[in-house]
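Right, one structure below, let's go through it.
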Amino acid sequence: MGPLAGIKVIDMTTVLMGPYATQMLGDYGADVIKVESHDGDVTRQIGPTRHPGMGPVFLNTNRNKRSICLDLKKPAGRGAVLRLIRSADVLVYNVRPQAMVRLNLGYDVVSEVNPRLIYAGVFGFGQDGPYAAKPAYDDLIQGATALPALMAQTADGVPRYVPNALVDRIVGLTAVGAICASLVDRNRTGRGQRVDIPMFETMAGFVMGDHMGGLTYEPPLDKGGYARHLSPDRRPYKTSDGYICVIVYNDKQWQNFFDATGRADLRVHPKFATFAGRAANIDVVYAELARILETKPTAEWMAILEKADVPVMPMHDLESLLGDPHIAATNFFPVVDHPTEGRIRNMRPSARFSETPVETQRLAPRLSEHSAEILQEAGFSPDEIAALVRDGVTKTAANY
């Protein structure tokens with residue numbers, strides 16, 4: 001099942017960025033083996049739970065994986081993970097590279113064990129700069145790549161982080177692309193490679209792709225920033241009874257909007273009549289749009305604008321999103337039976353493949369749920385597995 005069927009991934013990641021990337025690889029059909037410490041991924045403890053160690057953040061970033069716990073600080077634990085690596089296609093980690101070297105699991109070591117391995121690291125900073133060994137978190141990278149400054153510029157002047165682990169997820173998505181590209185190259189050459197996916201550089205490109213502006217040129221033509229994105233009235237618009245999300249962008253959409261709202265006066269207004277005029281006066285344009293949309297209730301505007309083919313969507317909150325009619329029709333949040341957690345909402349992979357369809361094969365695992373079967377597949381005998389359990393290198397799910 002899935003375009004990555006037959007690919008084995010050793011997932012040595014925790015928290016969100018790495019697990020989000022490896023979950024996507026699992027969604028696409030890869031066999032993902034999640035290597036955890038005896039304490040387990042810390043996200044097991046985040047949020048309301050029915051049972052310890054199975055919190056919602058973990059459940060929603062670790063489907064389509066199997067779990068094994070190994071104490072990598074013990075020689076037998078490191079030896080066990082090297083045996084897993086021997087038959088793997090990809091290893092993904094998200095500690096600093098220096099930590100992998102201290103574990104004696106740096107690329108020079110593991111590439112000797114498996115020259116075909118894609119060795120992918122998702123961590124803070126490129127290794128050829130002065131920040132190479134610095135720790136990094138989503139909030140820190142948001143701040144360092146100007147997102148709070150942009151938030152302050154568009155609102156009340158107070159810098160704020162985006163209320164979402166934006167960096168972790170964008171870098172995770174970037175890692176999936178880099179890993180898949182490396183697998184294509186390996187199919188050509190027969191050789192694996194090391195792939196670094198740094199958070200800081202990834203997000204610097206992501207943010208500045210929109211906001212480079214006049215800083216693109218040398219010398220600069222302005223201080224950068226995309227005026228439409230920074231307009232204070234680029235926001236959900238207040239209606240007479242709520243809020244609505246509207247974007248009137250191209251000339252045809254504006255003509256349709258003028259017709260639907262009876263604002264023929266704006267059709268010939270120099271600040272509204274052309275794309276160039278609107279772009280040069282975007283704050284004036286959006287402020288007028290806000291005034292117009294305040295005059296009717298949300299449902300009435302939805303009907304008017306949909307009929308006029310003007311792009312419009314409701315402004316959901318977290319609960320109402322679950323009941324959106326399109327989301328419901330596509331069954332994006334199916335309610336499923338988890339083996340230990342009972343009825344839970346899952347999320348379907350958003351990509352659709354015509355020839356290699358993808359569906360959830362496994363819900364998020366209990367800590368070390370699959371230790372014995374993973375070790376058996378790697379060639380460990382029952383006596384060897386028993387010795388690893390006895391020596392505290394691993395545990396079976398029953399031991400937790």
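The values are calculated or read from the model by the stated rules, or taken from the named source; none is laboratory data. Note that this is a predicted model, so its numbers are computed, not measured. Virtual Cβ from ideal backbone geometry, glycine too; neighbours counted across all protein chains shown. These area figures cover heavy atoms from the full protein model, side chains too; ligands, DNA and RNA do not enter into them. Shrake-Rupley method; radii C 1.70, N 1.55, O 1.52, S 1.80 Å.
With the structure loaded, tell me whether S354 is assigned to a helix (DSSP H, G or I), loosely packed, with under 13 Cβ neighbours inside 10 Å, within 26 Å of the chain's Cα centre (by Cα) and not hydrophobic (A, V, I, L, M, F, W, C) or whether it fails that test. So S354 fails the test.
Considering only segment 33-42, I want to know if a residue exists there that is polar (S, T, N, Q), part of a loop (DSSP other than H, G, I, E, B) and under 20 Å from the mean Cα position of the chain (by Cα). No, the conditions are met nowhere in segment 33-42. Out of segment 90-103, which residues are open to solvent by 10 Å² or more (accessible area, probe 1.4 Å), out of contact with any helix residue (DSSP H, G or I) (no Cβ under 7 Å at 6 or more places or on another chain) and within 20 Å of V195 (Cβ to Cβ)? V95, R96, P97, Q98, A99, V101 - these are the residues of segment 90-103 that are open to solvent by 10 Å² or more (accessible area, probe 1.4 Å), out of contact with any helix residue (DSSP H, G or I) (no Cβ under 7 Å at 6 or more places or on another chain) and within 20 Å of V195 (Cβ to Cβ). Taken over segment 252-278, residues that are surrounded by 12 or more Cβ atoms within 10 Å (Cβ to Cβ) and either of a type outside the set (F, W, Y) or in a loop (DSSP other than H, G, I, E, B) (or both) amount to 16. Restricting attention to segment 357-400, the residues that are among the polar types (S, T, N, Q), modelled with pLDDT of 95 or more and open to solvent by 70 Å² or more (accessible area, probe 1.4 Å) add up to 1. Applying the set (1) surrounded by 15 or more Cβ atoms within 10 Å (Cβ to Cβ); (2) under 28 Å from D391 (Cβ atoms) to P75 leaves exactly one unmet item: (1).
N331 satisfies every condition listed in (1) on the phi > 0 side of the Ramachandran plot; (2) modelled with pLDDT under 95; (3) not basic (K, R) except (2).
Scanning for something farther than 23 Å from L105 by Cα, in contact with a helix residue (DSSP H, G or I) (Cβ under 7 Å, 6 or more places away or on another chain), open to solvent by less than 20 Å² (accessible area, probe 1.4 Å) and of a type in the set (S, T, Y), does segment 26-43 turn up at least one residue? Yes, the conditions are met somewhere in segment 26-43. Has segment 85-98 got any residue that is over 26 Å from the mean Cα position of the chain (by Cα), within 30 Å of G129 (Cα to Cα) and at pLDDT 95 or above? Checking segment 85-98: not a single residue is over 26 Å from the mean Cα position of the chain (by Cα), within 30 Å of G129 (Cα to Cα) and at pLDDT 95 or above.
Test D138 against the criterion of being acidic (D, E) and surrounded by 14 or more Cβ atoms within 10 Å (Cβ to Cβ), and give yes or no. The answer is yes for D138. When the test is whether a residue is in a loop (DSSP other than H, G, I, E, B), surrounded by fewer than 22 Cβ atoms within 10 Å (Cβ to Cβ) and more than 26 Å from the chain's Cα centre (by Cα), P52 does not pass it.
Here F206 meets the list (1) in contact (Cβ under 8 Å) with a residue 24 or more places away in the chain; (2) in a helix (DSSP H, G or I); (3) open to solvent by less than 70 Å² (accessible area, probe 1.4 Å) almost entirely, failing just condition (3). Scanning segment 55-65 turns up one or more residues that are in a strand (DSSP E or B), under 21 Å from K395 (Cα atoms) and in contact (Cβ under 8 Å) with a residue 40 or more places away in the chain.
State yes or no: is Q127 surrounded by fewer than 17 Cβ atoms within 10 Å (Cβ to Cβ) and either within 30 Å of A76 (Cβ to Cβ) or at pLDDT 95 or above (or both)? Taking the combined requirement at face value, the residue satisfies it. If I filter segment 216-244 down to residues being open to solvent by less than 60 Å² (accessible area, probe 1.4 Å) and touching a His at 6+ places or on another chain (Cβ under 9 Å), which single residue comes out as farthest from F206 (Cα to Cα)? This residue is L230.
Yes/no matrix, rows are residues, columns are (1) assigned to a helix (DSSP H, G or I); (2) open to solvent by 70 Å² or more (accessible area, probe 1.4 Å); (3) touching a residue at least 12 places away in the same chain (Cβ under 8 Å):
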residue	(1), (2), (3)
V285	yes, no, yes
T295	no, yes, yes
S320	yes, no, no
F332	no, no, yes
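Within segment 5-24, the set of residues being open to solvent by 20 Å² or more (accessible area, probe 1.4 Å), touching a residue at least 60 places away in the same chain (Cβ under 8 Å) and over 14 Å from the mean Cα position of the chain (by Cα) comprises A5, I7, K8, M12.
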